[in-house]
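Inspection log for the structure reproduced underneath, given as structure tokens.
The values are calculated or read from the model by the stated rules, or taken from the named source; none is laboratory data. All values derive from a computational prediction rather than experimental measurement. A quick note on method: Cβ atoms are made from the backbone with ideal geometry, for glycine too, and the neighbour counts reach across all protein chains shown. Note: accessible area is taken over every heavy atom of the protein model, side chains too, but ligands, DNA and RNA are not part of it. Shrake-Rupley method; radii C 1.70, N 1.55, O 1.52, S 1.80 Å.
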Amino acid sequence: MPVVAVAMPGNGQLADALAACLGLERGAATVRRFPDGESYVRIESPVDGRGTLIVCTLDRPDDKLVPLFLLAAALREAGATSVGLVAPYLAYMRQDRRFQPGETVSARHVGAWLSQCADWLVTVDPHLHRITDLSQVCSVPSGVVHASPSVAQWIRAHVREPLLIGPDEESAQWVGAVAQHAAAPFIVLSKTRRGDRDVEVSLPDVGRWRSHTPVLVDDIVSTARTMIETVGHLRRAGLAAPVCVAVHAVFAQTAFEDLRSAGAGDIVSCDTIRHPSNRIRLAPAIAASVRALLPA
Ligand code: R5P
């Protein structure tokens, strides 16, 4: 019997694409809030004796984690033999260290919760930096999809003479991989973050790259301060309006408009979080990773 794919609200498009690619059955669930703000979930498709998966990207995670856990529990109680989780954006991975006394390493706790809820997990480029491998926070089998080949393909098709730019040391892994796939030169800048919205980026001499199109590549754009700072330096150095590419388009509050106003050129993202900037489709790559983890 085919595995049943259930979408959390807002995730239907990816669940449909995975079902079509992998021959899964689409399951139905109700997920809503009671008037008091508590979550209500109900699985409406028969899952007794079946493998299942939940599609739930985890931006704005605090509103999603409780219904996700309840839905996973409902699937098991209805007889599902396994519950996988496809979370194209994995939240909380940036709090991967105790930066100040009294903090906690949120990445470890969220990873542990998700490992209790799901039997396997597929995600796209989780923010792995001081924690170097997803298995250090998730105890269940996991698949990590790399967006770099798809990002590189988009850049090759749409950008003339690109110079790829990683705005900080953490971005080196992503920008390096994209540059390799796109056969383009790249530089990595250095960044100091003083607060959520207070970052300083330092730019080397970029005079020799004036004939190139700068392409900023980062894994996450949240407040967009990192990209805004970098765009400002590049414009002042006389380079063209940079194309800004994000794997995960979190774009908190007015970040997207702020980045536009700061002088960015095209702003493009992968479709791990639904956003008007989504231009790079990762469903086929996600499907390949899910296929490897589906129960036989
Ligand atoms: C840093 O660790 C990440 O790779 C991104 O550079 C960062 O999350 C961007 O955040 P913001 O858009 O808030 O500057």
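Which one of Gln136, Gln153 is in the same structural domain as Cys56 (by TED's automatic domain parsing), within 19 Å of the chain's Cα centre (by Cα) and open to solvent by 60 Å² or more (accessible area, probe 1.4 Å)?
Gln136
Taking interchain pairs and intrachain pairs at least six residues apart, which have beta carbon atoms under 8 angstrom, with the first residue in region 30-47 and surrounded by 10 or more Cβ atoms within 10 Å (Cβ to Cβ) and the second modelled with pLDDT under 95?
Final answer for the pair search is none.
Yes/no per residue for (1) more than 10 Å from the ligand (Cβ to nearest atom); (2) assigned to a loop (DSSP other than H, G, I, E, B); (3) charged (D, E, K, R):
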| position | (1), (2), (3) |
| --- | --- |
| Val201 | no, no, no |
| Val215 | yes, no, no |
| Asp219 | no, no, yes |
| Leu239 | yes, yes, no |
| Phe251 | no, yes, no |
| Phe256 | yes, no, no |
| Leu259 | no, no, no |
| Ala264 | yes, yes, no |
| Arg274 | yes, yes, yes |
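Any idea which of Ala87, Ala78, Ala91, Ala72 is of a type in the set (A, V, I, L, M) and open to solvent by 10 Å² or more (accessible area, probe 1.4 Å)?
Ala78
For Gln13, only one of the following conditions fails: (1) open to solvent by less than 80 Å² (accessible area, probe 1.4 Å); (2) of a type outside the set (D, E, K, R); (3) assigned to a helix (DSSP H, G or I). What is its number?
If we test Gln13 against (1) open to solvent by less than 80 Å² (accessible area, probe 1.4 Å); (2) of a type outside the set (D, E, K, R); (3) assigned to a helix (DSSP H, G or I), just (1) comes out false.
Could you please give the count of residues in region 107-120 that are crowded, with 17+ Cβ neighbours inside 10 Å and either free of Cβ contacts under 8 Å to residues at least 40 places away in the same chain or touching a Lys or Arg at 6+ places or on another chain (Cβ under 8 Å) (or both)?
5
Just a yes or no: is a residue in region 49-66 farther than 26 Å from Val250 by Cα and open to solvent by 40 Å² or more (accessible area, probe 1.4 Å)?
yes
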